[in-house]
Ligand code: C5P
């Protein structure tokens, strides 16, 4: 049998050539990294959960008209996606202070922000993904002013959708990161949400207890990461509510 072509391998995912032009197969690994890959581990079950959660969020976004790369889930670890030209920026939206914003601004974690704040970081592991301004982005040609306006608008729509979804299951969406890609319809480009949306790329806190249900559990050694992600999936109805053991999640089709 012919081996499919690997296009790219990242820290948490592998991209393979898709069955049709303009498509890719996105494979979710169990690998977790933090602090620019200085900390690494393999966490059994993480890839399966993120595949299913990213499907759930992207399908919801499609339902409210937010364009994204998701086509369909293929199996436990793989989904078919549209191939995009990734804009080399991480788009971060913050509702409450945490992580690098708290460090940079001296704000206590959990401080409510006056409004959602959108930040851009350059996707460059060697440089540690530095924060960049709109001036840098347009001057260096990573994106145009129109792209920036479209990216902010997409990011804020994702924020409203994700915040509401999480609020309904007792979770506070503190912040998250998305990546955005270009697709071409003849000479016209459109920007769509790409990569993944999962607890790897969000900060999710239980509203009542403040318990962290995201990748900070791994970054800060706060317990079992798969248990945290399973709890998010269970609350959202992505996993059956009687799941107690996290290592082999049962998926609902
Ligand atoms: O570390 P920082 O506070 O800037 O992260 C903000 C948000 O972006 C967090 O939800 C974090 O999980 C996410 N993020 C990410 N990938 C990165 C950097 C941040 O998913 N490379």
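State which residue pairs qualify: first residue touching a residue at least 24 places away in the same chain (Cβ under 8 Å) and inside the stretch 1-20, second residue part of a loop (DSSP other than H, G, I, E, B) and loosely packed, with under 10 Cβ neighbours inside 10 Å in any location, beta carbons under 6 Å apart, and separation of 6 or more residues or different chains.
Partner pairs satisfying both residue conditions: none exist.
Testing residue 187 on (1) at pLDDT 95 or above; (2) away from the ligand (no atom under 16 Å from the Cβ); (3) out of contact with any helix residue (DSSP H, G or I) (no Cβ under 7 Å at 6 or more places or on another chain), one condition comes back false. Which one is that?
Evaluating residue 187 over (1) at pLDDT 95 or above; (2) away from the ligand (no atom under 16 Å from the Cβ); (3) out of contact with any helix residue (DSSP H, G or I) (no Cβ under 7 Å at 6 or more places or on another chain) leaves (1) as the failure.
Name the single residue, out of those in the stretch 168-184 being over 26 Å from residue 209 (Cα atoms) and out of contact with any helix residue (DSSP H, G or I) (no Cβ under 7 Å at 6 or more places or on another chain), that is farthest from the ligand (Cβ to nearest atom). I'd like the intermediate steps shown before the answer.
Step one: filter the stretch 168-184 for residues over 26 Å from residue 209 (Cα atoms), giving 178-184.
Then keep just the ones that are out of contact with any helix residue (DSSP H, G or I) (no Cβ under 7 Å at 6 or more places or on another chain); that gives 179, 181-184.
Working: 179: 9, 181: 16, 182: 20, 183: 22, 184: 26 Å.
Checked the stretch 168-184; the qualifying residue farthest from the ligand (Cβ to nearest atom) is 184.
Consider residue 42 against the criteria (1) surrounded by fewer than 16 Cβ atoms within 10 Å (Cβ to Cβ); (2) within 16 Å of the ligand (Cβ to nearest atom); (3) over 17 Å from the mean Cα position of the chain (by Cα): it satisfies all of them except one. Which criterion is unmet?
Going through the list (1) surrounded by fewer than 16 Cβ atoms within 10 Å (Cβ to Cβ); (2) within 16 Å of the ligand (Cβ to nearest atom); (3) over 17 Å from the mean Cα position of the chain (by Cα), residue 42 breaks only (2).
Within the stretch 90-167, which helices (runs of 4 or more DSSP H) (wholly inside it) include 3 or more residues that are within 13 Å of the ligand (Cβ to nearest atom)? Full working, then the answer.
Details: elements: 99-105, 134-139, 145-167.
Per the criteria, 99-105, 145-167.
Could you list all residues from the stretch 216-235 that are under 13 Å from residue 52 (Cα atoms) and within 16 Å of the ligand (Cβ to nearest atom)?
Hits for the stretch 216-235 are 229, 232.
Restricting to the stretch 193-210, and then to whatever is in contact with a helix residue (DSSP H, G or I) (Cβ under 8 Å, 6 or more places away or on another chain) and away from the ligand (no atom under 11 Å from the Cβ), can you tell me which residue is farthest from residue 89 (Cα to Cα)? First the steps, then the outcome.
Here is the first cut: in the stretch 193-210, the ones in contact with a helix residue (DSSP H, G or I) (Cβ under 8 Å, 6 or more places away or on another chain) are 193, 196-200, 202-204, 207.
Narrowing the set further to residues that are away from the ligand (no atom under 11 Å from the Cβ) leaves 193, 207.
Numbers: 193: 12, 207: 30 Å.
Within the stretch 193-210, the match that is farthest from residue 89 (Cα to Cα) is 207.
Conditions: (1) within 16 Å of the ligand (Cβ to nearest atom); (2) over 16 Å from the mean Cα position of the chain (by Cα). Residue 33 meets all but one. Number of the miss?
(2)
Of 217, 152, 193, which residue is surrounded by 21 or more Cβ atoms within 10 Å (Cβ to Cβ) and in contact with a strand residue (DSSP E or B) (Cβ under 9 Å, 6 or more places away or on another chain)? First the steps, then the outcome.
On the way: 217 fails: in contact with a strand residue (DSSP E or B) (Cβ under 9 Å, 6 or more places away or on another chain); 152 fails: surrounded by 21 or more Cβ atoms within 10 Å (Cβ to Cβ).
Result of the check over 217, 152, 193: 193.
Say whether the condition of being touching a residue at least 60 places away in the same chain (Cβ under 8 Å) and over 17 Å from the mean Cα position of the chain (by Cα) is met by at least one residue in the stretch 50-62. Give the steps one after another, and end with the answer.
Let us first name the residues in the stretch 50-62 that are touching a residue at least 60 places away in the same chain (Cβ under 8 Å), namely 50, 52-54, 56-58, 60-61.
Those left that are additionally over 17 Å from the mean Cα position of the chain (by Cα): none.
No, the stretch 50-62 contains no residue that is touching a residue at least 60 places away in the same chain (Cβ under 8 Å) and over 17 Å from the mean Cα position of the chain (by Cα).
Which number in (1) surrounded by 13 or more Cβ atoms within 10 Å (Cβ to Cβ); (2) within 15 Å of residue 195 (Cα to Cα); (3) outside the structural domain of residue 160 (by TED's automatic domain parsing) marks the one condition that residue 33 misses?
Among (1) surrounded by 13 or more Cβ atoms within 10 Å (Cβ to Cβ); (2) within 15 Å of residue 195 (Cα to Cα); (3) outside the structural domain of residue 160 (by TED's automatic domain parsing), the lone unmet condition for residue 33 is (2).
The values are calculated or read from the model by the stated rules, or taken from the named source; none is laboratory data. Every value quoted in this text rests on a predicted model; they were computed, and no experiment measured them. For neighbour counting, all protein chains shown are included, and Cβ atoms are generated from backbone atoms with ideal geometry for every residue, glycine included.
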